[in-house]
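Following: one structure in structure tokens, then a few remarks.
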Amino acid sequence: MDRAIGIRDLDVAYDRRLAVEDVTFSVPRGAMVGIVGPNGGGKSTLLKAVLGLVPKLHGTVEILGRPVNRKARRLVGYVPQREDVDWNFPVSAFDVVMMGRIPSVKLFWQPTARDKELAREALRTVGMEKFADIPIGEFSGGQQQRIFLARALAQQAEVLLLDEPVSGVDAPSQHEIFDLLRSLKEAGKTVIVTTHDLSCVAERFDLALLLNKRVVAFGRPEEVFTSELLNETYQSHLMILKLGDRTIAIEDTNHDA
Amino acid sequence: MLEHLLEPLQFGFMQRGLVAAVLVAAVCGILGSFVVLKGLAFIGDALAHASFGGVALAFVLGANIYLGAFVFALATAFGIGAVSRRGRVSFDTAIGVLFSGTFALGILIISRVDRYTTDLFAYLFGDVLSITEEDLWTIAALGLVVLALVAAFYRQLLFAAFDPTVAAASGIPARFLEYLLLALLGVTIVTAIQAVGIIMVVALLVTPSATAYLFASRFHHMILASVAVGSFSALLGIYLSYYLDLASGAAIILVATALFFVTLALTGHMRKLSGISRE
């Protein structure tokens with residue numbers, strides 16, 4: 001099968017500690033994958049390693065069958081955690097989405113009609129086309145995530161990596177974002193998301209990766225969301241409740257920590 | 001009114017001073033917008049101080065002052081990066097160590113050659129009215145280089161300034177752009193040191209752009225507004241220094257500072273009226 005991401009024997013150190021250890025898995029094209037695990041379990045570091053933003057100690061990463069070079073990176077759209085961005089920067093929603101066109105253009109570039117159309121189309125896809133001229137700082141957290149997603153779409157990325165897209169976002173917007181990701185997956189994109197929202201992964205994702213430095217399990221959510229595997233992933237940080245045929249997972253750590 | 005505006009223009013030094021000050025303010029307004037948004041004020045100040053070592057050395061050796069200043073500013077910029085990457089020392093601390101060292105070197109050199117002292121002090125505190133035609137050409141040429149490079153890399157620089165992580169992730173040469181910005185900052189500072197002086201260069205970089213930041217909602221508006229605010233401060237400052245016999249560099253900076261506080265009060269008032277906070 002065609003692979004969007006292939007990772008083998010990956011070790012990554014962050015702040016001189018091993019953050020990701022001996023990770024091997026591959027994501028088929030068109031899949032929607034949720035990466036879950038405790039804080040400090042290496043979720044963000046794993047995404048950054050795929051993008052080549054943190055140096056690997058060991059192992060290989062392939063994007064659509066190619067090594068991570070500049071051409072391959074253009075095919076990956078990345079939506080960072082909200083804290084990584086200066087929201088008071090004087091740019092409009094449209095300016096931000098237009099940044100998605102920059103990796104594939106030359107010096108002295110001025111946006112062409114096609115670039116503008118791609119940016120507008122991306123804003124339409126995420127339902128933000130009416131707000132193109134509003135400064136980025138005036139949007140809610142959920143809207144900002146959608147605009148950043150539109151930037152990845154304007155880049156014409158095939159693989160979308162989102163780092164905790166719903167943290168700090170109100171519940172209705174969380175659902176909107178996951179619905180949006182689902183429809184992008186239906187349209188053929190590969191979607192990889194780190195999240196704390198286990199029930200959402202269980203409901204809407206094809207695959208779940210349980211990560212606590214090492215891969216605890218990787219498979220369909222209904223197969224890997226078992227008490228044993230979740231306990232192994234979260235160690236003492238997660239309580240599993242069984243109520244009839246429902247399983248409820250409660251995390252006892254602070255999400256924003 | 002008109003004759004007050006025209007009267008100083010009969011003097012060659014006033015013409016040159018006005019042209020030089022506006023050129024410098026324009027270049028500073030462009031680079032300053034990046035400086036304000038990326039929080040580079042301290043490193044800008046440091047590069048200006050560090051360039052004094054180069055100015056003094058070039059003066060003593062009879063070399064080109066601008067070249068000396070540029071070499072020292074650039075070497076300090078890259079030195080700061082190297083020191084902070086190598087050891088446990090933070091970026092901030094590396095800046096503090098290196099710029100004071102190179103500035104002290106400049107002071108040491110002029111303390112040994114007292115016949116130059118008064119000339120060299122013009123570089124410390126600025127003397128835009130002593131600018132020669134040759135200086136003017138140098139400033140214009142350096143300004144054009146900055147303008148051309150910013151135009152060539154404008155979108156990439158904007159992307160990397162707004163969201164460096166994603167810019168790097170999407171294949172933009174982020175490290176190269178970082179060094180490019182530092183080099184451009186070095187060139188800009190060098191063009192400005194004779195107009196406003198090493199000690200006050202950072203004000204011309206930061207204050208007009210900070211003023212523009214208060215009301216601009218798009219990046220190119222911020223650049224245009226900070227060029228306008230800077231140029232206006234330069235013109236008004238020089239006229240004030242002519243009629244009131246004030247130090248020109250200080251007059252330019254104080255006009256810019258006053259504009260900043262007026263804008264701060266106005267935009268704060270308007271924000272209160274509309275009930276919208278950008279924080």
> Among the DSSP beta bridges whose two residues both lie in segment A:3-251, what percent are antiparallel, rounded to the nearest 5?
Replying inline: 60
>> Placing unit charges on C-beta atoms (Lys and Arg positive, Asp and Glu negative, everything else neutral), compute the dipole magnitude of chain A about its Cα centre in debye, rounded to 20.
In response: 1140
> Each label point is 7 Å from the Cα along the Cα-to-Cβ direction; what then is the distance between the points at residue A:39 and residue A:179, in nm?
Replying inline: 3.1
> Per residue of the protein assembly as shown, what 222 nm ellipticity follows from adding -39500 (n - 2.57) for every DSSP H run with n ≥ 4, rounded to the nearest 500?
Replying inline: -19000 deg cm²/dmol
>> Compute for segment A:34-95: radius of gyration divided by Kirkwood radius, i.e. Rg/Rh, restricted to C-alpha atoms, rounded to two decimals.
In response: 1.03
> How big is segment B:2-274 on each of its three principal axes, counting only the C-alpha atoms and giving the largest first in Å?
Replying inline: 56, 54, 31
>> Can you compute 3J(HN,Hα) from phi for each residue in segment B:17-27, using the Karplus curve 6.51 cos²θ - 1.76 cosθ + 1.60 with θ = phi - 60°, rounded to whole Hz and x for Gly and Pro?
In response: x, 5, 4, 4, 5, 5, 4, 5, 5, 5, 4
> In segment A:41-106, which trypsin sites (Lys or Arg not before Pro) fall in coil by DSSP and have 15 or fewer other Cβ atoms within 10 Å?
Replying inline: A:106
> Which percent of Cα pairs goes in each bin when the distances of segment B:45-202 are cut into 5 angstrom slices starting at zero?
Replying inline: 2, 9, 17, 19, 18, 15, 10, 6, 3, 1, 0, 0
> Hey, what do the phi angles of segment A:121-130 turn into as Karplus ³J(HN,Hα) couplings, whole Hz, using 6.51/-1.76/1.60 and θ = phi - 60°, x for Gly and Pro?
Replying inline: 4, 5, 5, 5, 4, 8, x, 10, 5, 6
>> Just want the answer: with Cβ charges of +1 for Lys and Arg and -1 for Asp and Glu, which residue in A:89, A:59, A:147 is farthest toward the dipole's positive end in segment A:3-251?
In response: A:59
>> Below 14 angstrom from the Cβ of residue B:130, what's the summed charge of the other residues (Lys, Arg +1; Asp, Glu -1)?
In response: -4
> Expressed as a fraction of 2.2 N^0.38 Å, the rule-of-thumb size for a compact globular protein of N residues, what is the C-alpha radius of gyration of segment B:183-240?
Replying inline: 1.15
> For chain A, what is the relative contact order in percent, using Cα pairs closer than 8 Å and at least 6 residues apart in sequence?
Replying inline: 24
> Taking the simple approach of a point 7 Å from Cα along Cα-to-Cβ for both residue B:89 and residue B:148, what is their distance in nm?
Replying inline: 3.5
>> Please list, ordered by chain and number, the residues whose modelled amide H lies under 5 Å from the amide H of residue A:3; skip anything fewer than 5 residues away on the same chain.
In response: A:29
> If the viscosity is 1.567 mPa s and the temperature 4 °C, what Stokes-Einstein diffusion coefficient in µm²/s follows for the protein assembly as shown when Rh is the Kirkwood radius over Cα pairs?
Replying inline: 50
> Which of the trypsin sites (Lys or Arg not before Pro) found in segment B:57-128 are in a DSSP loop and have at most 16 neighbouring Cβ atoms, other than their own, within 10 Å?
Replying inline: B:88
>> Net charge around residue A:57, counting only other residues with Cβ within less than 12 Å of its Cβ (Lys, Arg = +1; Asp, Glu = -1)?
In response: -1
>> Given 4 °C and 1.567 mPa s, compute D for chain A with the Stokes-Einstein relation, Rh being the Kirkwood radius over Cα pairs; round to the nearest whole µm²/s.
In response: 69
> Which aspartates and glutamates have a Cα lying under 19 Å from the Cα of residue A:130, excluding residues fewer than 8 positions away in the same chain?
Replying inline: A:95, A:115, A:117, A:121, A:138, A:176
>> So if each residue of separation counts as 0.36 nm, and I subtract the Cα-Cα distance between residue B:246 and residue B:112, what length gain in nm does that give?
In response: 45.3 nm
> So what's the net charge close to residue A:208: Lys and Arg +1, Asp and Glu -1, counting the other residues with Cβ under 14 Å from its Cβ?
Replying inline: -3
>> Please list 3J(HN,Hα) in residue order for segment A:213-221, calculated via the Karplus relation 6.51 cos²θ - 1.76 cosθ + 1.60 where θ = phi - 60°; whole Hz, with x for glycine and proline.
In response: 6, 9, 6, 7, 7, 9, x, 5, x
> Counting Lys and Arg as +1 and Asp and Glu as -1, each charge on the Cβ, what is the dipole of the protein assembly as shown about the Cα centre in debye, to the nearest 20?
Replying inline: 1040
> Which of these, B:113, B:187, B:227, has the largest mean-square fluctuation under a Gaussian network model of chain B (Cα springs below 10 Å)?
Replying inline: B:113
> Want the number for residue A:57 to residue A:16: 0.36 nm per residue separation, take away the alpha-carbon distance, what's left?
Replying inline: 13.7 nm
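The numbers here are math on the coordinates, done by the rules we state, and not lab data. Treat the numbers as computed from the prediction; the structure is a model and nothing was measured. Counting neighbours? That spans all protein chains shown, and the Cβs are built from the backbone with ideal geometry, glycine included.
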